[in-house]
1. Name the residues in the range 17-59 that are more than 22 Å from Met101 (Cβ to Cβ) and either open to solvent by less than 60 Å² (accessible area, probe 1.4 Å) or assigned to a strand (DSSP E or B) (or both), would you?
2. Do you know which residues across the range 70-89 are open to solvent by less than 50 Å² (accessible area, probe 1.4 Å), under 16 Å from Val45 (Cα atoms), outside any strand (DSSP E or B) and not hydroxyl-bearing (Ser, Thr, Tyr)?
3. Within the range 95-123, take every residue that is in a loop (DSSP other than H, G, I, E, B) and of a type in the set (Phe, Trp, Tyr) and give me the one that is modelled with the lowest pLDDT.
4. With respect to Leu28, is the statement that it is at pLDDT 95 or above and not hydroxyl-bearing (Ser, Thr, Tyr) true?
5. Taking the conditions exactly as written (within 15 Å of the chain's Cα centre (by Cα), touching a residue at least 24 places away in the same chain (Cβ under 8 Å), closer than 19 Å to Val121 by Cα and surrounded by fewer than 17 Cβ atoms within 10 Å (Cβ to Cβ)), does Gly14 satisfy them or not?
6. How many residues are part of a strand (DSSP E or B) and open to solvent by 10 Å² or more (accessible area, probe 1.4 Å) when one looks only at the range 60-69?
7. Can you confirm whether the range 83-97 contains a residue that is touching a residue at least 12 places away in the same chain (Cβ under 8 Å), farther than 19 Å from Ala5 by Cα and of a type in the set (A, V, I, L, M, F, W, C)?
8. Scan the range 33-49 for residues that are within 12 Å of the chain's Cα centre (by Cα), more than 11 Å from Cys94 (Cα to Cα) and in contact (Cβ under 8 Å) with a residue 40 or more places away in the chain and jot them down.
Amino acid sequence: VQLQASGGGLVQAGDSLRLSCAASGRTLGTYVMGWFRQAPGKERVFVAGISWSGSTYYADSMEGRFIISRDNAKNTVYLQMNSLKPEDTAVYYCAADWATMFPGIKPNQYGYWGQGTQVTVSS
């Protein structure tokens, strides 16, 4: 599976962005998908996950602001980010795995990663 993340950019606090993660090589229908982020000098941390059936799970600080979704027909997973804050600034990565247990909050639970897309939120 090859994953291509896109949709990042420079926005102001309070704005919204939608990230996309397009897969090729295999259909994602049975994969657990996740979004992680990594700020400079910090570890990669879990943002949100979605099961093959559409169940979702969020890190506490993102719940209510971020929405993860998937379109299996388009082989794409999305992360809608609302009410962005400067502390959301990071490189955002999508990840996939067919064998991991949902919600998959640890990076080592995923075998496939996208290249990352930069999100910068100015105050």
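The values are calculated or read from the model by the stated rules, or taken from the named source; none is laboratory data. These numbers were taken from a predicted model, which means no experiment stands behind them. Cβ coordinates were reconstructed from backbone atoms using ideal geometry, including for glycine residues, and neighbour counts include every protein chain displayed. Ligands, DNA and RNA are excluded from the accessible area calculation, which covers all protein heavy atoms including side chains. Shrake-Rupley method; radii C 1.70, N 1.55, O 1.52, S 1.80 Å.
1. Of the range 17-59, the ones more than 22 Å from Met101 (Cβ to Cβ) are 17-20, 22, 24-25, 38-42.
Leu17, Arg18, Leu19, Ser20, Ala22, Ser24, Gln38, Ala39 - these are the residues of the range 17-59 that are more than 22 Å from Met101 (Cβ to Cβ) and either open to solvent by less than 60 Å² (accessible area, probe 1.4 Å) or assigned to a strand (DSSP E or B) (or both).
2. Hit for the range 70-89 is Asp88, nothing else.
3. Only one residue tops the list, namely Trp98.
4. Considered against the rule, which asks whether it is at pLDDT 95 or above and not hydroxyl-bearing (Ser, Thr, Tyr), Leu28 comes out as no.
5. Working: within 15 Å of the chain's Cα centre (by Cα): no; touching a residue at least 24 places away in the same chain (Cβ under 8 Å): yes; closer than 19 Å to Val121 by Cα: yes; surrounded by fewer than 17 Cβ atoms within 10 Å (Cβ to Cβ): yes.
Criteria not met by Gly14.
6. First, the residues of the range 60-69 that are part of a strand (DSSP E or B): 63, 66-69.
Right, trim to open to solvent by 10 Å² or more (accessible area, probe 1.4 Å) and you get 63, 67, 69.
Selection size over the range 60-69: 3.
7. Scanning the range 83-97 turns up no residue that is touching a residue at least 12 places away in the same chain (Cβ under 8 Å), farther than 19 Å from Ala5 by Cα and of a type in the set (A, V, I, L, M, F, W, C).
8. Initial filter on the range 33-49 (within 12 Å of the chain's Cα centre (by Cα)): 33-38, 44-49.
Within this subset, residues satisfying the condition of being more than 11 Å from Cys94 (Cα to Cα) are 38, 44-45.
Residues satisfying the conditions are Gln38, Arg44.
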